[in-house]
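K.L.:
Supplied in structure tokens, the structure appears directly below.
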Amino acid sequence: LASEKQYGTTNSHDTTTFSYGILHRQYRQAAHYNVTHLRRQAFYSLPSAHVDMLSEPPFSIPQTFRHVDDAIDSNADIAEAMLEAGLLMYGIDPEDESWHGTATTRDMDKARSTIRQLFRDWSAEGHKEISTILGVMQSLLLEFLPPLPTSQLHKHRVLVPGAGLGRTVLDLTASGYSVEGNEISYHQLIASNYMLNCSQQAGQHKLYPFALGFSNHLNRANQLRAVDIPDVCLADYLEERQKETGSELPFGERMSMSSGDFCVLYRQPRYQDSFSAVSTCFFIDTAPNVINYIDTIKYCLVPGGIWVNGGPLLWHFENTPTPAEKETERMAGGREIDNADASQGIGEPGSFELSNDEVVALVQRCGFEILKHEERSSEMAGYIMDNRSMLTHQYHPSFWVAKKL
Ligand SMILES: C[S@@+](CC[C@H](N)C(=O)[O-])C[C@H]1O[C@@H](n2cnc3c(N)ncnc32)[C@H](O)[C@@H]1O
């Protein structure tokens, strides 16, 4: 797939940051240990009469453990394929031991959640979560950006900060825009690189998004169901959409990704006044200090440029240590900050959480005009939600469009 990537634009990798790559390699071992090995131990500690009863149908617990082991292996195959492509992308010798680090539990959680996020971005079932939000955001872009024939939409440069595993970047590119995704997390960058640049056909992998959790399943089949990854053949999909839109610029020249802290990267002079639109989807609540996000968006938008936002306000720093506290931990030997310079951007000290009306007021205070605001959308959206589970979380996202004054 001829997509252009700009990895390492600001934060070139070093052995510390890249040691996160090992997490994808440790996924298999850690998941087998934590998910099935410990459960087997607990199961076989039961009274033998109970073990016997639960080993027979309709329970067949040992068989379930075997199925979960198979699911872990299938997920781990994807993790390892992503890592291999990541090593190539960063020009790192897989045999070089120097980047091998020791993953913490928190690191493993991140690797595990990245694997699950493949469900959201790259499976037909999970993609509904994004397409609901993206559908609204695309229609807002069409409504508020200066009109252009579809074949010339590429003249609108759209920045997608916090692009995650890259699906929004793909879908906006497919619509004809010139799109630059940005992402801070190496876990996510390794995964998005694999999906955007290396995946070759629809259904190339089987992902078991919910197999590793044992609660709230109505039946085992739900827990153990697989989804095809990716749901589309990316090259075919983009080529078809290229024809449909009649875009005058090939999709490979309209799609790119950058790595690094959005607030640091896009405050560089070369990005001043350079994007027609910024599209933030489930992103602004990752900010410890959302004023830095707003100022950065204002800086890199052209005058009169449009900011389209959709998402909830699950302030990521609410129950976690502040960046300053994390830095103290990091200096003490932990590795809590994923690819962030601890003295800049999200690494700066201080954090606060606002309500939706306060965010909108702040956006106005910082030099934007609000053009449209749907404060609690009836379009509900989950986030890596198992819609067959007995427990579902859904957001009523807030959508708004702001214009740089
Ligand atoms: C909640 S996820 C949403 C991902 C994607 N937009 C979606 O809707 O699926 C937020 C993403 O923002 C990224 N992120 C957080 N802070 C960032 C920053 N300062 N610069 C760039 N990306 C950031 C995270 O790594 C994560 O991938």
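K.L.:
So, in nm, how far is label R66 from label K372 when the simple model puts each one 7 Å beyond its Cα toward the Cβ?
P.N.:
Here the answer is 5.5 nm between the modelled labels.
K.L.:
Rounded, prolate or oblate: which fits the range 76-226 when a ≥ b ≥ c are the square roots of the eigenvalues of the alpha-carbon gyration tensor, with rounded for a/c under 1.5 and prolate only if a/b beats b/c?
P.N.:
It is oblate, given that a/c is not under 1.5 and a/b is not larger than b/c.
K.L.:
Also: Given R₀ = 22 Å, what would the calculated FRET efficiency be for D357 paired with N387, taking r from the Cβ atoms and rounding to 0.05?
P.N.:
0.15
K.L.:
Taking the full set of protein chains and a 1.4 angstrom probe, give the accessible area of T296 in square angstrom, rounded to the nearest 10.
P.N.:
Its accessible surface works out to 0 Å², give or take rounding.
K.L.:
Now, a different point. With every protein chain present, what is the per residue accessible area of the range 99-223 (1.4 Å probe, Å²)?
P.N.:
33 Å²
K.L.:
If you don't mind, there's one more thing I want to ask. Using heavy-atom solvent-accessible surface (probe 1.4 Å) with all chains present, what is the largest-first order of K372, K298?
P.N.:
Result, largest first: K372, K298.
K.L.:
Report the FRET efficiency, 1/(1 + (r/R0)^6), for N319 and N222, where r is their Cβ-Cβ distance and R0 is 45 Å, rounded to 0.05.
P.N.:
So, using R0 = 45 Å, E works out to roughly 0.95.
K.L.:
If you stretched the chain out fully between K206 and R365, how much longer would it get, using 0.36 nm times the residue separation minus the C-alpha to C-alpha distance?
P.N.:
Additional length available on full extension: 52.5 nm.
K.L.:
Where nothing but the Cβ of Lys and Arg (+1) and of Asp and Glu (-1) is charged, how large is the charge dipole of the range 70-200 around its Cα centre, in debye to the nearest 20?
P.N.:
Roughly 800 debye for the range 70-200.
K.L.:
Then there is this: Which order do S74, S355, S45 take when ranked by solvent-accessible area (1.4 Å probe, heavy atoms of all protein chains), largest first?
P.N.:
These residues rank, largest area first, as S45, S355, S74.
K.L.:
In terms of solvent-accessible area of protein heavy atoms at a 1.4 angstrom probe, what is the ranking of R220, R365, R40, R376, highest value first?
P.N.:
Largest to smallest exposure gives the sequence R365, R376, R220, R40.
K.L.:
Still on this structure: Extending each Cα 7 Å along its Cβ direction at S74 and E240, get the distance between those two points in nm, one decimal.
P.N.:
With each label point 7 Å from Cα toward Cβ, the separation is 2.4 nm.
K.L.:
Moving on to the next point. Out of the GluC sites (Glu not before Pro) in the range 199-250, which ones are loop residues according to DSSP with at most 14 other C-beta atoms within 10 Å?
P.N.:
Answer by residue number: E248.
K.L.:
Could you please report the charge total around T173, scoring K, R as +1 and D, E as -1 over all other residues with beta-carbon less than 9 angstrom from its beta-carbon?
P.N.:
Around T173, the charge tally is +1.
The values are calculated or read from the model by the stated rules, or taken from the named source; none is laboratory data. The model shown is predicted, which means the values in this text are computed figures rather than measured ones. Every residue, glycine as well, gets a Cβ built from its backbone with ideal geometry; the counts of neighbours run over all protein chains shown. Heavy atoms of the whole protein, side chains included, go into the accessibility calculation; ligands, DNA and RNA do not. Shrake-Rupley method; radii C 1.70, N 1.55, O 1.52, S 1.80 Å.
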